[in-house]
Structures are given as C-alpha cells and as structure tokens.
Amino acid sequence: MSKLYSILFLAIGISILNGCAAGPYHSIPYNINEDKERALKVVILDKDLDNQFASKRVVVLTQKTDWTDDNRLKVYCEIRNMKKELLRLQVQTVFRDEKGFQIGDDTNWELILIPQYSTYAYKTTAFNTKARDYTIRIRKAQ
C-alpha cells in the first residue's frame, strides 16, 4: 500500500513540475508610436462605442485648441451620439508638455449625457501654462 502511495505522490509531483516547465519566455516589444493615446488627440476607450463592423455609437466631429490670455491651453471637441437612445459617457483630458510627457494636469472624469442624435460640445482648459499637447479620453459611464 505504501508503494502505491509513493507512486501516486511521484506522479502528482512530476505532473506539477511539468506544468511549471513552460517556456522559453520572450518579451513582447512595445512600440510607443503605435500607442493610440500618443497618435490620436481623441481616444474612445470602449470598443462597443466605436465598433468598426457595426454602426458607430459615438463620432467625434471636430476638435481644436486655443490659448487663454495667460497662455493656458484650451481644448474643444464635439461628440455626437449616433443612436436613438440616451448616451452616458465619461470624458477626461490628459495634458502633456512639448515632449509628450504628462504634466499631472489631468481633468477629472466628467459625466456627460448626450440625447439621441445630438452633439455635445466638450471644452476644458489646462490649469497651468506647461500644457502644449493633449489627449481626450472617452469611455462609457461607470
């Protein structure tokens, strides 16, 4: 009986060790130039809001920037609801310096409600004068 237990424990031990012996592991290179938040000014974070195979739910119509009198960046963006029901979104702006680094001047996630087939004009202003670039993030309201 003890011989049966030793064979059983040996088989379990070998299967456990065999399950851990996978590899070799290769790192996956990250190409920062393919990062949507670096390449686009407006990023839709939820796939079902921007589905390329079905009709889109959210469309960004226009976007532009301007400067305040005290040299702070102002951002404008028009977001359109393409569906028949009320759309609940959250929008955030991440401000960056001239080299593309975040300056810690992100806005809070703002809840916006867009009625059916309507357009919402989103606008925000950076809190300090370091901002030279931006990314607007859009996601479904949580």
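No value in this document is a laboratory result; all are computed from the given coordinates. Please read these numbers as outputs of a predicted model, since none were measured by experiment. Positions of Cβ are generated from backbone atoms using ideal geometry, with glycine treated the same way; all protein chains shown enter the neighbour counts.
Taking the Cα centre of segment 33-140 as reference, the dipole from Cβ charges on Lys and Arg (+1) and Asp and Glu (-1) amounts to some 380 debye. Per residue, the average separation of C-alpha pairs within less than 8 Å and at least 6 apart gives segment 33-140 a relative contact order of 34 percent. Across all Cα atoms of segment 33-140, the radius of gyration (one decimal) and Dmax (whole number) stand at 14.2, 45 Å. Checking every one of the chymotrypsin sites (Phe, Trp or Tyr not before Pro) in segment 35-142 against DSSP loop status and a limit of 15 other Cβ atoms within 10 Å picks out F53, F101, W109, Y117, F127.
Comparing L89, L111, T125 along the charge dipole axis of segment 36-135, the residue lying farthest to the positive side is L89, per the Cβ-charge model. When each of I138, I114 is scored by the number of other beta-carbon atoms lying within 10 Å, the sequence from fewest to most is I114, I138.
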